[in-house]
Amino acid sequence: MSAMRMWTAAILALLTVQSVQAEVPLRNVVLFTSGVGYFERSAEIEGDSATELALKTDQMADLIKSLVLVDEGGGRISAVTYDARDPLDRTLKSFSVDLTDNPGLPALLNRMRGVPVRVKTASGELTGEVLGVEVHERWVDEQKFIECALNVFSDGVIKSVLMDQVQWFEPLDEKVRADLAAALDTLASGLDRDKKTIRLNFAGKDKRRVRVGYMLEAPVWKTSYRLVLDEKGSALLQGWAHIENTTDEDWRGVQLALVSGRPISFIQNLYDPIYLRRPVVQNELYASAVPQLYGGAVDSIAFGDESDVFAEQEFAAPKAFAVGRAGGARLRRQDAAMAPAPAMAPAEMLRETVQAAATGRETGELFSYPVDEPVTLPRRQSAMIPIVNKDVRLEKLSIYNEGADAKFPLNGVEFTNTTGLFLMQGPVSVFEDGIYAGDARLNDTARNEARLLSYAVDLASEVKPERKSAPERITSLKAVHGVLWVTRLYEDTTEYAVRNKRDKARRYLIEHPIRSDWELVEPAKGVEKTRDLYRCRTEVPAGKTEAVRFVERRNVSQSIMLSNISTDNIEFYLRQSRISSALKQALQKLAGLQAALAEVRAKRVDRERRVKEITDEQNRIRENMKAVARPSDSYSMWEGKLVQQEKELDRLRLEIEELRADEMKKQGEINDFIAKLNVE
């Protein structure tokens, strides 16, 4: 295995020596609005060549994920090499002296046990091997002090030196000295933010062009616009792209393209090594067997021929060898199956890539602004590049939205994107009749799409909104399986009184909020609908006031259990004009049944009330009878009255039972009637 590594290293070194260093300058830059940029380098090379790229450490993950290399002359691309970055802690732990946890001097000396050192103290020098550092507690006037002492084995004697007296020490082991220096270099490199080098190797013959492309994080390019209006109604739209070169390389004569869209982009760290944590399996240990005690000998036991055992072993050996050979054959077949497929021709790969990009643009997913002239932009500099400079079709108007301003509309325009380009969102500075008129905001606008822009308060107009709600109306009644369904109609009217104080006619656009579950019935025509708003246009003559009305309706359904409906509610619904004759008859019958039930219930309640009155009266009489003598006239009078009341109670209880039975019967009739009621 080590010989193979040596041969591989030698071959790579030979290739590096034979390759000619070539400069591959930056030729194309494509900036996206998703926070990335595509950078492509190209050059003509001859024979075996190599080039290097210098990037920041935090850019390595993007480059490794997206690097594309193309050799157009039939050449071959060798391995791409770069310095691996192991996690700092893991690298530090690989040295003989571990500096991972920032050890102090006593801890550092403990990690160098057995290492020969030279120690300089206040009393002289001491040479020997480190035994370790021990900690002592020392008390002075009831105060505890911690002391550390270095123990060194020197000239066959163990010597102890207080750490406070140690001025310096020098490891005498060359390997330990080298590891300490390497560990310190590793710590210093962890703070290094310099560039990382990527080495590219191209193998081939003759002159040919090579391309190197990759994606890196880049600032989102932005747009801003200027809209120039004149009295004739024409308008000029000028758009600028704002770009930044935040790289450490000057852009000299690069072909720049700006792409608007939202391609998915993410960061995946492919630069840092990843180690998989594996489980630790402990060796399985068995306790020693305990000696056993056996009884005396029994009958002789015949043992098998040992030749059978040996024969079995001789048979097993070739069997195992056969498996090994089969395994080797399978390995070779597997290697053949995993052999790389024939490489795609570079021209074909480029053609497919361009076709995919063109398809994306044609489907409207990405919109590109190729800059015609080469761009030169020094590092850490920004630039403004004109991307739009065309006339657009527009209409001046005033836009009213009560949420923006309750009294005044806003001066605005409705323009149609006739530039033939996709316009990315951005601010718009509006100039009217040669002076600054205000600022507006433009959303992403496709070709031939109309957009509204508002840029100033229109003080020459006023709008007064007024709202009215009509009384609710019942529009339908129906009874289904014991439930009365009532549909009510609500109607709201909002009237916008628009006053034009100009000396000429003015077009207005009134925006009215859309409410869920409400239907717009007026205006019936000429209304635009967005996600959240209705828009209605009107023209108001000079010095006049016009009204724009929005009438909205909503139907609300309510369910009422007929078993719980009151007679008063039935009377209310019987008076409605929308009730059908069949439902009216059914509700009248239900009202009659409820009235009969109420009459029986009232009688029962009256009897129960009388029973309670008699019971209370009897309790009072019995208390009075306790206070008089039995043979007295008063006692005899109250006794006779109790007898009469008992007779009346018997009669009342009988009537209550009859009324309760009649009440249950009438309630059952009502329940049966309601359950079978299906009338509209």
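The values are calculated or read from the model by the stated rules, or taken from the named source; none is laboratory data. Computed from a predicted model, the values in this text were never measured in an experiment. Heads up, the Cβs are rebuilt from the backbone with ideal geometry, glycines too, and the neighbour counts pull from every protein chain shown.
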Query - Residues that are closer than 15 Å to ARG208 by Cβ and either under 36 Å from the mean Cα position of the chain (by Cα) or part of a helix (DSSP H, G or I) (or both), drawn from region 42-91 - result: LEU69
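Would you say GLU432 is under 30 Å from GLU466 (Cα atoms), of a type in the set (Asp, Glu) and touching a residue at least 60 places away in the same chain (Cβ under 8 Å)? Even if it seems obvious, please write down each step before you answer.
Working: under 30 Å from GLU466 (Cα atoms): no; of a type in the set (Asp, Glu): yes; touching a residue at least 60 places away in the same chain (Cβ under 8 Å): yes.
So GLU432 does not fit the description; no.
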Report task. Restricting attention to region 27-67, report how many residues are of a type in the set (D, E, K, R) and under 19 Å from LEU377 (Cβ atoms). Result -> 4
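Limited to region 480-503, what total is found for residues that are in a loop (DSSP other than H, G, I, E, B) and either surrounded by 14 or more Cβ atoms within 10 Å (Cβ to Cβ) or in contact with a helix residue (DSSP H, G or I) (Cβ under 6 Å, 6 or more places away or on another chain) (or both)? Let's see the steps before the verdict.
Pass one, region 480-503, residues in a loop (DSSP other than H, G, I, E, B): 481-482, 501-503.
Filter once more, so that each one left must be either surrounded by 14 or more Cβ atoms within 10 Å (Cβ to Cβ) or in contact with a helix residue (DSSP H, G or I) (Cβ under 6 Å, 6 or more places away or on another chain) (or both): 482, 501-502.
The qualifying residues number 3.
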Requested in this report: Determine whether region 555-568 contains at least one residue that is without any contact (Cβ under 8 Å) to a residue 40 or more places away in the chain and either touching a Leu at 6+ places or on another chain (Cβ under 7 Å) or of a type outside the set (Ser, Thr, Tyr) (or both).
Outcome: yes
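Could you say whether any residue in region 144-165 is exposed (fewer than 10 other Cβ atoms within 10 Å of the Cβ), of a type outside the set (A, V, I, L, M, F, W, C) and at pLDDT 85 or above? Walk me through how you get there before you give the answer.
At the first step, the residues of region 144-165 found to be exposed (fewer than 10 other Cβ atoms within 10 Å of the Cβ) are 144-146, 155-157.
This time we only want the ones that are of a type outside the set (A, V, I, L, M, F, W, C), so: 144, 155-156.
When the remaining residues are screened for being at pLDDT 85 or above, the result is 155-156.
Scanning region 144-165, I find at least one residue that is exposed (fewer than 10 other Cβ atoms within 10 Å of the Cβ), of a type outside the set (A, V, I, L, M, F, W, C) and at pLDDT 85 or above, so the answer is yes.
Does VAL210 satisfy being within 24 Å of THR418 (Cβ to Cβ), touching a residue at least 60 places away in the same chain (Cβ under 8 Å), of a type in the set (A, V, I, L, M, F, W, C) and in contact with a Gly (Cβ under 9 Å, 6 or more places away or on another chain)? It would help to see each step written out before you state the result.
Working: within 24 Å of THR418 (Cβ to Cβ): no; touching a residue at least 60 places away in the same chain (Cβ under 8 Å): yes; of a type in the set (A, V, I, L, M, F, W, C): yes; in contact with a Gly (Cβ under 9 Å, 6 or more places away or on another chain): yes.
No.
How about region 451-472: which of its residues are part of a strand (DSSP E or B) and surrounded by 14 or more Cβ atoms within 10 Å (Cβ to Cβ)? Before the answer, list the steps.
The initial filter retains those residues of region 451-472 that are part of a strand (DSSP E or B), namely 451-457, 461-472.
Those that are part of a strand (DSSP E or B) and surrounded by 14 or more Cβ atoms within 10 Å (Cβ to Cβ): ARG451, LEU452, LEU453, SER454, TYR455, ALA456, VAL457, SER461, GLU462, VAL463, PRO465.
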**Report entry** Given (1) surrounded by fewer than 18 Cβ atoms within 10 Å (Cβ to Cβ); (2) in contact with a Gly (Cβ under 6 Å, 6 or more places away or on another chain), index of the condition ARG441 fails
**Finding:** (2)
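Say whether the condition of being crowded, with 17+ Cβ neighbours inside 10 Å, modelled with pLDDT of 90 or more and of a type in the set (Gly, Ala, Ser) is met by at least one residue in region 225-235. Can you show your working first?
Keep residues of region 225-235 that are crowded, with 17+ Cβ neighbours inside 10 Å, which gives 225, 227-229, 235.
From what's left, modelled with pLDDT of 90 or more: 225, 227-228.
When the remaining residues are screened for being of a type in the set (Gly, Ala, Ser), the result is none.
No, there is no match, as no residue in region 225-235 is crowded, with 17+ Cβ neighbours inside 10 Å, modelled with pLDDT of 90 or more and of a type in the set (Gly, Ala, Ser).
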Query raised in the report: Tell me, which residue of region 97-128 that is in a strand (DSSP E or B) and in contact with a Lys or Arg (Cβ under 8 Å, 6 or more places away or on another chain) is farthest from ILE158 (Cα to Cα)?
Result: GLU125
